[in-house]
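Peer 1: The following block contains the structure, expressed as structure tokens.
The values are calculated or read from the model by the stated rules, or taken from the named source; none is laboratory data. Just so you know, these numbers come straight off a predicted model, no measurement behind them. With ideal geometry, Cβ positions are generated from the backbone for all residues, glycine too; neighbour counts draw on all protein chains shown.
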Amino acid sequence: MENQRPSFALRLLPSMADFACLIPLFFLFARMAGTATLLQDGDTGWHIRTGQWILAHHRVPFEDLFSFSKAGAPWFAWEWGSDVLMASLNALGGLRLLVLAAAFLIAAVFALLYKLALRRSNPIVAVGLTVLAAAASSLHFLARPHLFTFLFVPLFWAALEEMRNGRERLWRVPYVAILPLATVVWTNLHGGFVIGIILIAAYGVGELLHWLLGPESGRPEAARLARRFFLTAAASLAASLLNPYFFQLHVHIARYLADPFNSEHIEEFLSPSFHMPQAPFFEAMLVMGAAAACWNLLRGRYTEVVLFLLMAHAGLLAIRNIPLFMVVATPMVAGAIQEFLNRLPEFNVAAWLRRAVAGFNRLAARTAETEAAGRWHLASIGAIALIAALIYAPHPPEKFRAEFSPKIFPAGALRVLRNDPSSRIFTKDQWGDYLIWSLNHKVFVDGRSDFYGDDFENKVLDIFNVRNGWEKILNRFGVDTILLPADAPLAGALKESAHWRVVYDDHIALVFRPASTGSQQTLSASSLVGGISRDREITKLERDPAITGDPTKSKKPI
């Protein structure tokens, strides 16, 4: 019994895997706005409503459900599987269960990423790089379908590594069958399935380069692997056609991604600003990834080079791709660092550096021995249970309230807007999402930029920027209510206009209606609740410093 006690005690202690699991939750609830961050994007609302419609009608929609401006127009609900899951979670436990599931999924992704990095390096390097990846990826910690792509990318990477290392099967099922089957699931959850097919093809290109440039002895195996990877990529592409929209989905995604409007006006499609809070972590991984690619190139390993060039380009092209770059780069960098640490004592470097690295290697080896002991992961279980308890508390702390933040969304204005369910409301896309969720109301525009198209979105920008013809556009669509942020340029123009009057103002949202209708009284938040007018400094929108922004066009499906 005496010999078993240390083992039992060790099982109770947190491991590096626990740390990797908990670090994104620490960022989310300690450094960021918690559930308000997860629900910062109004798209979550229309995803739930879409899932509810699918569950009620037992089919996917082919026409628009939510707008009066393009009512009945063809629409691709290309994340319908996620929509159904989100609606089901909402039915079971409301937004509380939905945000808890999103937080758990994020934690699981980085726990998995740590395990993948650990395959190539020691626990200290693996957990350090996982922390770096979580910090950079925090810009997209949102309760949206893209979280499934966060999960599928490391799963595909792990399967492709198994294939490259000569292990053809998982539980007697060949990977050449598993990956296409997984692609079917991924395709019906999120449009990021394209990345999975590209990753498979990238492994094929890496082996093809090895066949062309590598030693003669390794060419037969490289040719065999290249054929297998390309066959799997082709099979996965064919499998992705198993969706309700068949090949039209692929055509739609290709047109949407090629639309120049996205890279000019939608924040997620913009190239990253190196002044954003996550930039130092992204920069650090870029530098280490480039060094790791060179290290592998010198050793005749071309797949890592192809992956780095592909994903680094994607990350530099659009902000939304940064988390995917971090996920792919982390195991690759971990392997290169470990190889370098193992080889450095052999190099002609300063004695103090050799001693320092040798000491670190000994520490890492002891840590690996400790980590090899089985754990019960009570720290991770306890932390998630605590988060769940706080979210489900009768009066949860602000960071654990499962609601669309009234500091970002026009919660107060709902009291006026719900009085007229037939009104035709013009507002920005994020708030259109919110109206779909909160009022189940038809809107002028919402977050589905792929549905509205750049011509229509340019008309929306013309209205917001008070360009020539803005009133004619509103009249053409019969807009009789305008909901705006207090600092919107259009708000100033409407206040000066003889045709519109303010009917509600709480310093966050303004509601305008035609001057010719109804009472001339302007309601405020204080008049509706019988209190003193709220201080503008308290009620103004506060952006989360750890998340990328809240512009008029701030997101869209990724």
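Peer 1: If the Cβ limit is 6 Å and pairs must be 6+ apart or interchain, which residue in region 398-409 that is buried (at least 21 other Cβ atoms within 10 Å of the Cβ) pairs with which residue that is among the basic types (Lys, Arg)?
Peer 2: Once the first residue is buried (at least 21 other Cβ atoms within 10 Å of the Cβ) and sits in region 398-409, its partners that are among the basic types (Lys, Arg) give Ala402/Arg96.
Peer 1: Give the residue, chosen from Ser422, Ser380, that is polar (S, T, N, Q) and assigned to a loop (DSSP other than H, G, I, E, B).
Peer 2: Checking each option against the conditions leaves just Ser422.
Peer 1: Please enumerate the residues belonging to region 480-496 that are of a type outside the set (A, V, I, L, M) and either surrounded by 15 or more Cβ atoms within 10 Å (Cβ to Cβ) or in contact with a strand residue (DSSP E or B) (Cβ under 6 Å, 6 or more places away or on another chain) (or both).
Peer 2: If we filter region 480-496 for residues that are of a type outside the set (A, V, I, L, M), which is where we start, we get 480-481, 485, 487, 489, 492, 495-496.
Within region 480-496, Asp480, Thr481, Pro485 qualify.
Peer 1: Here are the criteria: (1) more than 30 Å from Asp41 (Cβ to Cβ); (2) assigned to a helix (DSSP H, G or I); (3) touching a helix residue (DSSP H, G or I) at 6+ places or on another chain (Cβ under 8 Å). Tell me which single one Leu212 does not satisfy.
Peer 2: (3)
Peer 1: Shifting gears a bit: Could you please find all residues in region 198-222 being of a type in the set (Val, Ile, Thr) and free of Cβ contacts under 8 Å to residues at least 60 places away in the same chain? Step through it out loud before you land on a result.
Peer 2: Residues of region 198-222 of a type in the set (Val, Ile, Thr): 198, 200, 205.
Result: Ile200, single match.
Peer 1: Just to check your reading of the model, which residue among Ala56, Ala103, Ala117, Ala91 is closer than 20 Å to Ile381 by Cα and either surrounded by fewer than 21 Cβ atoms within 10 Å (Cβ to Cβ) or in contact (Cβ under 8 Å) with a residue 40 or more places away in the chain (or both)?
Peer 2: Ala103
Peer 1: Are any of the residues in region 445-459 crowded, with 19+ Cβ neighbours inside 10 Å, touching a Pro at 6+ places or on another chain (Cβ under 9 Å) and of a type in the set (Ser, Thr, Tyr)?
Peer 2: yes
Peer 1: Going by the conditions given, is Leu28 among the aliphatic types (A, V, I, L, M), within 22 Å of the chain's Cα centre (by Cα), farther than 27 Å from Val479 by Cβ and crowded, with 23+ Cβ neighbours inside 10 Å?
Peer 2: It is true that Leu28 is among the aliphatic types (A, V, I, L, M), within 22 Å of the chain's Cα centre (by Cα), farther than 27 Å from Val479 by Cβ and crowded, with 23+ Cβ neighbours inside 10 Å.
Peer 1: I would also like to ask the following. How about region 128-139: which of its residues are modelled with pLDDT of 95 or more, of a type in the set (A, V, I, L, M) and buried (at least 24 other Cβ atoms within 10 Å of the Cβ)?
Peer 2: Selection gives Leu129, Ala133, Ala134, Ala136.
Peer 1: If I go through region 272-303 residue by residue, how many of them are more than 19 Å from Val328 (Cα to Cα), surrounded by fewer than 14 Cβ atoms within 10 Å (Cβ to Cβ) and within 26 Å of the chain's Cα centre (by Cα)?
Peer 2: Of the residues in that region, 3 qualify.
Peer 1: Within region 135-182, count every residue that is of a type outside the set (A, V, I, L, M, F, W, C) and either touching a Gly at 6+ places or on another chain (Cβ under 7 Å) or part of a helix (DSSP H, G or I) (or both).
Peer 2: 11
Peer 1: Would you check if Trp80 is in contact with a strand residue (DSSP E or B) (Cβ under 7 Å, 6 or more places away or on another chain) and hydrophobic (A, V, I, L, M, F, W, C)?
Peer 2: no
Peer 1: Scanning region 412-424 for residues that are in contact (Cβ under 8 Å) with a residue 40 or more places away in the chain and surrounded by fewer than 24 Cβ atoms within 10 Å (Cβ to Cβ), which turns out farthest from the chain's Cα centre (by Cα)?
Peer 2: Only one residue tops the list, namely Asp420.
Per-residue answers, yes or no, for (1) hydroxyl-bearing (Ser, Thr, Tyr); (2) touching a residue at least 40 places away in the same chain (Cβ under 8 Å):
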site	(1), (2)
Ile266	no, yes
Ser271	yes, yes
Gly289	no, yes
Leu298	no, no
Leu316	no, yes
Met326	no, yes
Met332	no, yes
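Peer 1: Okay, moving on. Could you grab me the full set of residues in region 104-132 that are part of a helix (DSSP H, G or I), more than 19 Å from Ile384 (Cβ to Cβ) and in contact with a Pro (Cβ under 8 Å, 6 or more places away or on another chain)?
Peer 2: Of everything in region 104-132, those that are part of a helix (DSSP H, G or I), more than 19 Å from Ile384 (Cβ to Cβ) and in contact with a Pro (Cβ under 8 Å, 6 or more places away or on another chain) turn out to be Leu116, Ala117.
Peer 1: A further question on this structure: Can you tell me which residues in region 59-74 are in contact with an Asp or Glu (Cβ under 8 Å, 6 or more places away or on another chain) and either of a type in the set (Gly, Ala, Ser) or touching a residue at least 40 places away in the same chain (Cβ under 8 Å) (or both)?
Peer 2: Result: Phe66, Ser67, Lys70, Ala71, Gly72, Ala73.
Peer 1: For region 460-479, name all the residues that are assigned to a loop (DSSP other than H, G, I, E, B) and either surrounded by fewer than 19 Cβ atoms within 10 Å (Cβ to Cβ) or touching a residue at least 60 places away in the same chain (Cβ under 8 Å) (or both).
Peer 2: Asn465, Val466, Arg467, Asn468, Gly469, Phe477, Gly478, listed by residue number.
Peer 1: Determine whether Ser405 is in a loop (DSSP other than H, G, I, E, B), under 25 Å from the mean Cα position of the chain (by Cα) and among the polar types (S, T, N, Q).
Peer 2: The answer is yes for Ser405.
Peer 1: So, one more: Ser240 passes all but one of (1) buried (at least 18 other Cβ atoms within 10 Å of the Cβ); (2) at pLDDT below 95; which number fails?
Peer 2: Result: Ser240 fails condition (2) only.
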